[in-house]
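Engineer: Starting off with a structure, shown below.
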Amino acid sequence: MIPVNDLVAALRGQVEVVVGGASSSVDEVVVQESAREHIGGPGDLILGIGLDSPKRALTALERLADRGVPAVVVRAPLAYAAPLADAARSRGVSLIALSPNASWAHLIHQLRDLLDRAATGDPRTTGDDLYALADAAAGLIDASVTIEDAHHRVLAYSSRSVGTDAARVSTIVGRRVPPAVVRELRARGVFRRMTTSAEPFFLPAGATPDLGARFVLPVRAGGEWLGSIWCAVSAPPEARVVADLVTMASAVALHLLDLRVQSDLTRRVWLDRLRQALVDPGAEAGAWLAAGPWRVVALLGSPTAATEFGVGEPDESSAAPAVVGAASVDVWTATLRRRGWAQPAVVDIADRVFAIVTDSERPSRARRSPSTAASRPRPTRAGTWVWLQSAVAELHAQGLPVAIVAGTRAEVAGNLTRSRSEAVETALLPSVHGTTIAAAEDHWAPLVVSRAVRGLVAEPILGPLAALEGDATTEVSDRHTLSAWLDHPGSPRRAAEALGVHVNTVRYRMDRIASLLDVDLADPEVRLALQLILRAGP
């Protein structure tokens, strides 16, 4: 079952939710060509191809609601009619509008493909088709061709090598356009041109030192720039060839839309599963996660400028947030993927970013002290706790404001929630502030005190300290004195140094405080209880 909102988000630009239903998850697509058809049931997404009038749509909607259908698609503008929307709302059915210029056939193809992939986990892509299109374009124009997405990643390239230059070689080998070439082309307004116009254009040689002449075809759909086709030619092609290439660009646009839909939905399902594992994990979580045990790690700060992963013209004024904040899931995911983690288990929950890493080895005590360079963890397999420490240490050495805080090991998937809570708790400890790498087990003592203090804050127990109430100045002085004395048992001199007063002053104050409290300060349990109450107090 896939939530309707996820399907709509994956197919953005083609469909839009008009009314959200009470039960809006689907696992099958059913075409309705007549309002009188007795079709549909729970889990069916009804495509109302034959619902082309208000009367037919209302009749069909009532019947479908009685059969438990969760969602119906009707072409706009009919889908926005008030009577139809009111009926859907009253019956708890999701009403979805199909864009006037969208194709029913294409929608059916995409929906069935998405549902099949979600059900089977089939990792198929349209990459082979794109390579075939690149070869076909190369045959038309008699030149080398590459197909790129809007992030300058190479999706396919022709087998033909006519007109090969350094830029093409670097692009194919690195699977993306070299950053230096991207900067030069951005400065010349090439990408801005493709975001605003679908017209192909010729780019003379010399745009960058390594880039020869190119004929460029923007790949667009619905007014959105999806990518581009680059042909290594020395002169603009004939009008007939250009017309054929433009037609081919439309075919590429459909493939890029399919790729984006697959990627968006797969990512949404992946993130939902990760969130579920961290909030309320079931026994099945251990089956699809990498083999445990695991740790949940809070990712703090920003590993890079977010605009590095944007499309078109970046905002040069953007700056990385402080370590106390968190970068987006996309930024952390892209950064960790570039360092070798093929599918980073990174997700956001309540404005915090977390990673689930494996931890099959117990680090030595030396490696669990990240304050010194000698204790920096050694590199290991991507996606492990030791590997993440190494990656973040490198980022921090580059001057990036990043930090990670890990909860304790989770031997079973059911303990992932506990590990996440520990990561958040540890990140809030004063003793952790300013450190780059921290783990809950290394801060067990302040964690114990923190939990005890939180309980006292929630349900205060004043105890014998009520005897110290009186003049505000005296009360504060007495509390500070008692706290210092308890922190330095048997050493009035060290307590005096902590307070910045003479040792005799501490002895005098403690004689008076002891008489007021009327408790046995020699009892270790009494001293511990007083310390916790003092820490929980104002």
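Engineer: Just from the alpha-carbon atoms, what are the Rg and Dmax of the stretch 475-535 in angstroms?
Structural biologist: 10.6, 28
Engineer: Oh, and also: Given a cut-off of under 8 Å on Cα pairs at least six residues apart, what relative contact order in percent is computed for the stretch 387-538?
Structural biologist: About 18 percent, as a whole number.
Engineer: With r defined as the distance between the Cβ atoms of R186 and R451 and R0 fixed at 41 Å, what FRET efficiency is calculated, to the nearest 0.05?
Structural biologist: 0.20
Engineer: Here's a follow-up. Determine, for each peptide in 332-342, 26-36, the mean count of other beta carbons within 10 angstrom over its residues, then list the peptides with the highest first.
Structural biologist: Numbers: 332-342: 18.2, 26-36: 16.5.
Result, highest mean first: 332-342, 26-36.
Engineer: Simple spin-label model, 7 Å along Cα-to-Cβ: R493 to N5 in nm?
Structural biologist: The modelled label-to-label distance comes out at 6.6 nm.
Engineer: Quick one: grab the alpha carbon gyration tensor of the stretch 175-251, order the square roots of its eigenvalues as a ≥ b ≥ c, and give me rounded if a/c is under 1.5, else prolate or oblate depending on whether a/b is larger than b/c.
Structural biologist: Note, shape of the stretch 175-251 comes out oblate.
Engineer: List the residues, sorted by chain then number, that are 5 or more residues from G383 or on another chain and whose placed amide H is less than 5 Å from its amide H.
Structural biologist: L388
Engineer: Additional query: Efficiency by 1/(1 + (r/R0)^6): what FRET value for S328 and R193, r their Cβ-Cβ distance, R0 = 25 Å, to the nearest 0.05?
Structural biologist: Plugging the Cβ-Cβ distance into 1/(1 + (r/R0)^6) gives 0.35.
Engineer: Would you kindly state how much longer the chain becomes between I108 and T505 on full extension, computed as 0.36 nm times their sequence separation minus their alpha carbon distance, in nm to one decimal?
Structural biologist: Gain in length upon complete extension: 134.5 nm.
Engineer: Length gain on complete extension for the stretch L521 to E394, per 0.36 nm per residue less the alpha carbon to alpha carbon distance?
Structural biologist: Gain on extension, L521 to E394, equals 40.8 nm.
Here, each number is a calculation from the coordinates, and none is a lab measurement. In this text, all values refer to a predicted model and were calculated from it rather than measured experimentally. Positions of Cβ are generated from backbone atoms using ideal geometry, with glycine treated the same way; all protein chains shown enter the neighbour counts.
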